[in-house]
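What follows is a short report on a single structure.
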Amino acid sequence: MSSNIDAAAVADLHKLGYEQEMTRRRGLFHILFIHRTIHFCCANKNIWLAYGLSAPLATGLIGGGPAVLIWGWVFVSAFIFTLALSMAEISAKYPTSGGAYYWCFRLASPRSRVLLSWINGWLTMVGVWTICLSVTFGTAQIIVAGAGIFHPDWVAKTWHTYLIFLGVTLTCTALGIFLNDILHYIDIVCACWTILGVLVMLVCISAKAASGRHTAAFALGHFDPSASGWTPGWSFFIGLLPVTYTYAAIGMIASMAEELHNPTVDLPRAIVWSIPLGFLQGVFFLLPILFTLPDVATLLAVASGQPIGVMFTLIMGSKGGGFGMARTCMLSLFTIQILVFGVAMFCAISISSAASRATWAFARDKAIPMHTFLAHVASEKHGPVNAFLLVTVVQLLLGLIYLGSSAAFNAFVGVAVMCLQASYSMPVLISLVNGRDNVKDSPYSLGRWGWAINGMAVLWTMFEMVLFSMPAVVPVTRVSMNYASVVFVGFATISAVWYMINGRFYYTGPPIPSDSAQPSSESVVANEKKGRSLGD
């Protein structure tokens, strides 16, 4: 049965204009777990969630505290769900590793599709490269924070952090290349690690609560915007940045489409289910922290700007408890810091792998310099090694900015979200402009709700673009300034200039097959049996 499904998927891919080059090893649960790692990291990349919420925790505290963190999580999850549904509808019809830039090309008019797909493709490239950078560098900062628990007098220099980041990035690259043929099993381990980690933290934090316990009124309703300097209303939205970052990469799972057994069915399901699963995992992660939260002013005063290590130390009541939890919960194999670090490492491996596939797909369509070299698939065992190495090199080069200016470097976190969310929304907007005619026959149809869902998704993305361009605190200083919009415009300018001087001579867009790109009958039947159409 699996071979028949794979054959149908290969036939579908051929109708979309491509030959099968990757090995189809993943099913729904594998891709859901990798998606969560990316998004909790996203659709079982919710493995990302513990990492995504804890790393930029300070921004949520600055924005208003507990009320912002918990209700912001509900608010953002609801809106990002509309984007996930919109992407799922399109991905079911066009399940390729090209993802959003391919969707733009197929949905846009012949007159504008080459330029729009080029713009979208480079938004995707900048987004996947910078989100990888933020994850691998964030993992290095977690290591620094963990070391600070036992050595509070040690202050890591910028080059210390960079060297740790170098080690993390090279490790992720080596594992992603040499363990490529078993990464789908690692995704499952990753998901189990995350779920177990969240449960361990829930039990142990709730049981110890050395810094005191709060009432439900405080944990769910305390709101203090004074640290941000903004008006209360806007301060709440500024505090949404950590949550929005957690969901930033929900569409990166599409780059793994050509490694799925049945992408027409499983890809849209994974994109959609990543949100409710991630939401629940986030609630279980946040609630015990909010009910035992130490003094917010103390956390915001942490010199590194990453309060999670100090927070766990205060909650557990000892350095051993904060890092290891062995004294408190008799669980010597599990430590809060190690659990968070493990989640971050798994996320870094998964997101780097997904980024390499996105890079490989764009190079395959001759949109990246040295595209022949980058589009080469080394072997069935190792996958697109050259594209993976490019992702690594870009991260290491961008990481050097941290040695000169941490403020400029931090802008890349915001740029990652802006680029990725914009790239995801472009095909949705194009579909709306076209009256949704091109997606009416999607195997994952949104039916009569499509207009409203697509509209909310686009409006939310537009709001996100504004949000990630704003500084977290006012008045603004050179250090607190948010340079994300500057970097975003800079990358856009470079992309446009490159298109004019070189890209337009080589890039003609993805291939246009003579046959209409419709899913194979077997995929459609399987899809209908599972009742995935929301229009029914």
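The values are calculated or read from the model by the stated rules, or taken from the named source; none is laboratory data. Owing to the predicted nature of the structure, the values given are computational and were not obtained by experimental measurement. Glycine also receives a Cβ, built like all others from the backbone with ideal geometry; neighbour counts cover every protein chain displayed.
Numbers at a glance
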item	result
Odd one out for residue 159, checked against (1) at pLDDT below 90; (2) part of a helix (DSSP H, G or I); (3) surrounded by 13 or more Cβ atoms within 10 Å (Cβ to Cβ); (4) not acidic (Asp, Glu)	(3)
Qualifying positions in segment 108-134 - part of a helix (DSSP H, G or I) and either of a type in the set (D, E, K, R) or more than 18 Å from residue 420 (Cβ to Cβ) (or both)	113, 114, 115
Flag if residue 144 is surrounded by fewer than 22 Cβ atoms within 10 Å (Cβ to Cβ) and either part of a helix (DSSP H, G or I) or modelled with pLDDT under 75 (or both)	yes
Test: residue in segment 62-78 that is at pLDDT below 80, farther than 25 Å from residue 146 by Cβ, touching a Leu at 6+ places or on another chain (Cβ under 7 Å) and in a helix (DSSP H, G or I)	no
Condition check for residue 249: of a type in the set (A, V, I, L, M, F, W, C), surrounded by 23 or more Cβ atoms within 10 Å (Cβ to Cβ) and modelled with pLDDT under 85	yes
Count of segment 432-449 residues which are under 22 Å from residue 76 (Cβ atoms) and crowded, with 22+ Cβ neighbours inside 10 Å	1
Residues of segment 241-290 that turn out to be under 20 Å from residue 446 (Cβ atoms), within 12 Å of the chain's Cα centre (by Cα) and of a type in the set (S, T, N, Q), as a count	1
Residue list for segment 472-483, filter: surrounded by 17 or more Cβ atoms within 10 Å (Cβ to Cβ) and of a type in the set (Ser, Thr, Tyr)	483
Lone qualifier among 181, 153 - being assigned to a helix (DSSP H, G or I), out of contact with any Cys (no Cβ under 7 Å at 6 or more places or on another chain) and of a type in the set (Asp, Glu)	181
Of residues in segment 390-416 being in contact (Cβ under 8 Å) with a residue 40 or more places away in the chain and under 15 Å from residue 125 (Cβ atoms), the one surrounded by the fewest Cβ atoms within 10 Å (Cβ to Cβ)	398
Segment 463-508, residues that are over 19 Å from residue 406 (Cβ atoms), of a type in the set (Val, Ile, Thr) and touching a residue at least 24 places away in the same chain (Cβ under 8 Å)	474, 508
Residue satisfying condition, being in contact with a helix residue (DSSP H, G or I) (Cβ under 8 Å, 6 or more places away or on another chain), crowded, with 24+ Cβ neighbours inside 10 Å, on the phi > 0 side of the Ramachandran plot and not basic (Lys, Arg), within set 127, 121, 99	99
Residue tally, condition basic (Lys, Arg) and in contact (Cβ under 8 Å) with a residue 24 or more places away in the chain, over segment 123-182	0
Number of positions in segment 445-462 that are touching a residue at least 60 places away in the same chain (Cβ under 8 Å) and of a type in the set (Phe, Trp, Tyr)	2
Criterion (touching a His at 6+ places or on another chain (Cβ under 7 Å) and farther than 24 Å from residue 486 by Cα) met by exactly one of 363, 387, 354, 344	363
Among the residues listed as 137, 105, the single one being modelled with pLDDT of 90 or more, buried (at least 24 other Cβ atoms within 10 Å of the Cβ) and not in a loop (DSSP other than H, G, I, E, B)	105
Residues (over 21 Å from the mean Cα position of the chain (by Cα), in a helix (DSSP H, G or I) and small (Gly, Ala, Ser)) located in segment 445-492	447, 450, 452, 455, 490
Looking only at segment 461-471, and only at residues there that are crowded, with 21+ Cβ neighbours inside 10 Å and not hydroxyl-bearing (Ser, Thr, Tyr), the one that is modelled with the highest pLDDT	464
Meets criteria (touching a His at 6+ places or on another chain (Cβ under 7 Å), in contact (Cβ under 8 Å) with a residue 40 or more places away in the chain and either under 17 Å from residue 425 (Cα atoms) or surrounded by 24 or more Cβ atoms within 10 Å (Cβ to Cβ) (or both)) for residue 66	yes
Lone unmet requirement of (1) in a loop (DSSP other than H, G, I, E, B); (2) more than 20 Å from residue 69 (Cα to Cα); (3) under 22 Å from the mean Cα position of the chain (by Cα) for residue 210	(3)
Any hit, segment 228-238, residues being over 23 Å from the mean Cα position of the chain (by Cα), free of Cβ contacts under 8 Å to residues at least 12 places away in the same chain and not in a helix (DSSP H, G or I)	yes
Test: residue in segment 187-197 that is surrounded by 15 or more Cβ atoms within 10 Å (Cβ to Cβ) and acidic (Asp, Glu)	yes
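Yes/no matrix, rows are residues, columns are (1) surrounded by fewer than 22 Cβ atoms within 10 Å (Cβ to Cβ); (2) among the hydroxyl-bearing types (Ser, Thr, Tyr); (3) under 25 Å from residue 466 (Cα atoms):
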{"site": "209", "(1), (2), (3)": "yes, no, no"}
{"site": "213", "(1), (2), (3)": "yes, no, no"}
{"site": "223", "(1), (2), (3)": "yes, no, yes"}
{"site": "227", "(1), (2), (3)": "yes, no, yes"}
{"site": "230", "(1), (2), (3)": "no, no, yes"}
{"site": "241", "(1), (2), (3)": "no, no, yes"}
{"site": "244", "(1), (2), (3)": "no, yes, yes"}
{"site": "256", "(1), (2), (3)": "no, no, no"}
{"site": "291", "(1), (2), (3)": "yes, no, no"}
